[in-house]
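The values are calculated or read from the model by the stated rules, or taken from the named source; none is laboratory data. Since the model is a prediction, treat every value here as computed from it, not as a measurement. In this analysis, Cβ positions are derived from the backbone assuming ideal geometry, glycine residues included, and neighbour counts consider all displayed protein chains. Accessible surface is based on the protein model in full, side chains and every heavy atom, while ligands, DNA and RNA are left aside. Shrake-Rupley method; radii C 1.70, N 1.55, O 1.52, S 1.80 Å.
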Amino acid sequence: MNKSTIFVGIDISKDVFDVYDSESGHLQYSNDEKGFKLFQRSITADHWCVMEATGCYHQQLAIYLFDNGLRVSVINPLIIKRFIQMKLNQVKTDKSDAKMICRYGKEQALDLWSPEPGYIVESKTLQGVVRLYFKQRTALKNTLHAMSTSKRGKGMLMRSIVRQLKSLDKEIKLLETEIEKLIRANEQELYTRLNAIPGVGRKTAMLLIVCTNGFRDFESSRQLSSYFGLAPNERSSGSSVRGKSRISKMGDSLVRNHLFLCNFTACVHNPQCKALYDRIVLKGKSKKLALIAVCNKLIKQAYGIAKSGLDYDRNYVGRSS
């Protein structure tokens, strides 16, 4: 970065994106290829574009700028939100958000963004549909349960719901098979090593690879624990505030739930996880706390295996967890 760098804050919505920099001020473009080209004409190699990760809306612009050799940083929206709160900014508009994103770029160290591999993007798209089907399946199961406890509503309607559940199960299986094909074609070695960890099953291994871009997007297992919402948050201040430590639950709930289910197998068949669980319980801590610790242990093992390129070792003895 040099003194001539001009930071551009970009706030993106479905149809338009608002742009702010110290030279041109505020501008707005359509969120399509025509708008991308108009925006590109207004910037040079000295510009550094900063935007939030806003679902799928930011991806096309970020890829377009990257492909045209321009510097791009994509920031977690929670970080931008906290930055705006820290600056005590009370105005909430697309224009003001673009200005604050620009200010964030000026004041904070940035990492250059690059697109994820195509198979990761495709896997995430498939996984998004799987999540939607899971939600639909849960809603249908709840409705079916409610109807089964009632004297009314049985018959044709219940048979219809059962058919829908079978159809959803079939579609989920097909999509998960397609995700596995993509993972095996591109990350076969990592996928095999993750599956060798006692407690980590096929679906969890796929989720971990897809959600972490093959573990390339993280610098430590602690970052990964925080990302999945499994890092403990302690609340204490002085002598009066002594809140219970809780996990943040701010990350990916699907991965978190899968890891929690993995605990029950890991506590029996994974020597390191079993030793950790027993040690925490013997100290008088709750079993729930011990299970959360095992979740983080599994993350640590998965991260270590991914980064080292080594296979899982049942006899490995690391630092005390």
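Can you tell me which residue in segment 288-318 is nearest to residue 223 (Cα to Cα), limited to those that are assigned to a helix (DSSP H, G or I) and modelled with pLDDT under 90?
289
How about segment 61-95: which of its residues are touching an Asp or Glu at 6+ places or on another chain (Cβ under 8 Å) and under 23 Å from residue 35 (Cα atoms)?
64, 73, 74, 75, 77, 94, 95
Residue 15 - would you say it is farther than 23 Å from residue 227 by Cα and open to solvent by 80 Å² or more (accessible area, probe 1.4 Å)?
Criteria met by residue 15.
Looking at (1) under 23 Å from residue 265 (Cα atoms); (2) crowded, with 18+ Cβ neighbours inside 10 Å; (3) of a type outside the set (Val, Ile, Thr), which is the one condition that is false for residue 196?
Against the list (1) under 23 Å from residue 265 (Cα atoms); (2) crowded, with 18+ Cβ neighbours inside 10 Å; (3) of a type outside the set (Val, Ile, Thr), residue 196 comes up short only on (2).
State whether the residues of segment 47-59 include one that is over 30 Å from residue 226 (Cβ atoms), out of contact with any His (no Cβ under 6 Å at 6 or more places or on another chain) and open to solvent by 40 Å² or more (accessible area, probe 1.4 Å). Even if it seems obvious, please write down each step before you answer.
We begin by selecting, within segment 47-59, every residue over 30 Å from residue 226 (Cβ atoms); these are 47.
This time we only want the ones that are out of contact with any His (no Cβ under 6 Å at 6 or more places or on another chain), so: 47.
Those still in the list that are open to solvent by 40 Å² or more (accessible area, probe 1.4 Å) too: none.
No, segment 47-59 contains no residue that is over 30 Å from residue 226 (Cβ atoms), out of contact with any His (no Cβ under 6 Å at 6 or more places or on another chain) and open to solvent by 40 Å² or more (accessible area, probe 1.4 Å).
Looking at 64, 104, 20, can you tell me which residue is aromatic (Phe, Trp, Tyr), open to solvent by 30 Å² or more (accessible area, probe 1.4 Å) and more than 30 Å from residue 129 (Cβ to Cβ)? Break it down into steps so the answer makes sense when it comes.
Values: 64 fails: more than 30 Å from residue 129 (Cβ to Cβ); 104 fails: open to solvent by 30 Å² or more (accessible area, probe 1.4 Å).
When all the criteria are applied, what remains is 20.
Give me a count of the residues in segment 85-109 that are within 18 Å of residue 17 (Cβ to Cβ) and not basic (Lys, Arg).
Qualifying residue count, segment 85-109: 10.
So residue 260 passes all but one of these: (1) farther than 14 Å from residue 299 by Cα; (2) modelled with pLDDT of 85 or more. Which condition number does it fail?
Failed condition: (1).
Specify the residue that is nearest to the chain's Cα centre (by Cα); the eligible residues are those in segment 254-305 that are open to solvent by 60 Å² or more (accessible area, probe 1.4 Å) and polar (S, T, N, Q).
So the residue we want is 257.
Please name all residue pairs, on different chains or six or more residues apart, with Cβ atoms under 6 Å, provided the first residue is in segment 153-173 and is within 17 Å of residue 142 (Cβ to Cβ) and the second residue is open to solvent by 100 Å² or more (accessible area, probe 1.4 Å) and part of a helix (DSSP H, G or I).
Hits for this filter: zero, empty list.
Give the residue, chosen from 234, 219, that is of a type in the set (D, E, K, R), modelled with pLDDT under 95 and closer than 16 Å to residue 309 by Cα. Lay out the reasoning, then the answer.
Numbers: 234 fails: closer than 16 Å to residue 309 by Cα.
Selected residue: 219, the only one of 234, 219 that is of a type in the set (D, E, K, R), modelled with pLDDT under 95 and closer than 16 Å to residue 309 by Cα.
If you go through segment 68-124 one residue at a time, how many are basic (Lys, Arg) and in contact with a His (Cβ under 8 Å, 6 or more places away or on another chain)?
3
Filter segment 122-142 down to the residues that are open to solvent by 60 Å² or more (accessible area, probe 1.4 Å) and free of Cβ contacts under 8 Å to residues at least 40 places away in the same chain and list them by number.
125, 132, 135, 136, 138, 141, 142
Looking at (1) over 17 Å from residue 17 (Cβ atoms); (2) at pLDDT 90 or above, which is the only condition residue 62 fails?
Among (1) over 17 Å from residue 17 (Cβ atoms); (2) at pLDDT 90 or above, residue 62 violates only (1).
Restricting to segment 201-221, name every residue that is in a loop (DSSP other than H, G, I, E, B), in contact (Cβ under 8 Å) with a residue 40 or more places away in the chain and more than 14 Å from the chain's Cα centre (by Cα).
The answer is 201, 220.
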